[in-house]
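The values are calculated or read from the model by the stated rules, or taken from the named source; none is laboratory data. All figures in this text were calculated on a predicted structure; none of them were measured in a lab. Here the Cβ positions follow ideal geometry from the backbone for every residue, glycine too, while neighbour counts run over all protein chains shown. Please note that ligands, DNA and RNA were not included when accessible areas were found on the heavy atoms of the full protein model with its side chains. Shrake-Rupley method; radii C 1.70, N 1.55, O 1.52, S 1.80 Å.
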Amino acid sequence: MGTHTDIFDIGRLGLSSGEGRRLELDVPVDDFDFGGQRYTVPGGPVSAVLDVSHTTTGYSLRLRFHATLAGPCMRCLDDAGHELSVDAREVDQPGGGEDLESPYLDEQQLDLRAWARDALALALPTQIVCSADCAGLCPVCGENLNRAEPGHAHEREPDPRWAALRELRLK
Ligand SMILES: [Zn+2]
Ligand SMILES: [Zn+2]
């Protein structure tokens, strides 16, 4: 408790080619905006498992963690807690071209905070909802339709343009 890791120096593991190490680290996860709403990960840093393997030419990395998001349902704006499992991999092989260089690894300094943030974003569902069958808000009055009377509806106001048109035709 209390300590967390933003940047992790994988060089200090002293791994030689072919060796690997599994570490448990507390990684901070920043608040983020998604679909116009704000989401947070309450409870401080998440406990993550980091696997580091020293390959012949570089590093192979895997980061796994669970996060509980807090923020509104995108349909009805009630609180919608959401559990996410993140499992991300990175390969870093200097000289192997752009695809093989991890943007999170710079001279053996692994930017865990940035990686965790991006990996979480990639693990998000297309919509965060309080329940799969959330009815959302009434488009006319904004009432939460999950709590509204069954059959909640509004009399359609006749469009004034139609009334004007009718008058024109009658003339
Ligand atoms: Zn909802
Ligand atoms: Zn309504």
Worksheet, complete the sentence: Sole miss for T126 among (1) surrounded by fewer than 18 Cβ atoms within 10 Å (Cβ to Cβ); (2) polar (S, T, N, Q); (3) away from ligand 1 (no atom under 16 Å from the Cβ) is condition (3)
Worksheet, complete the sentence: Those residues of region 1-18 that are surrounded by fewer than 12 Cβ atoms within 10 Å (Cβ to Cβ) and not small (G, A, S) come to a total of 4
Item to complete: Check whether at least one residue in region 138-157 is within 16 Å of ligand 1 (Cβ to nearest atom), under 30 Å from I7 (Cβ atoms) and at pLDDT 90 or above, and report yes or no.
Response: no
Discussion item. Name the single residue that is most open to solvent (accessible area, probe 1.4 Å) among those in region 44-64 being in a strand (DSSP E or B) and of a type in the set (G, A, S).
Written reply: S47
Discussion item. Checking E107 against (1) loosely packed, with under 13 Cβ neighbours inside 10 Å; (2) in contact with a Cys (Cβ under 9 Å, 6 or more places away or on another chain): exactly one of these is not met. Which one?
Written reply: (2)
Item to complete: Out of H54, H82, H66, report the one residue that is closer than 17 Å to D33 by Cβ, in contact with a strand residue (DSSP E or B) (Cβ under 9 Å, 6 or more places away or on another chain) and away from ligand 2 (no atom under 16 Å from the Cβ).
Response: H82
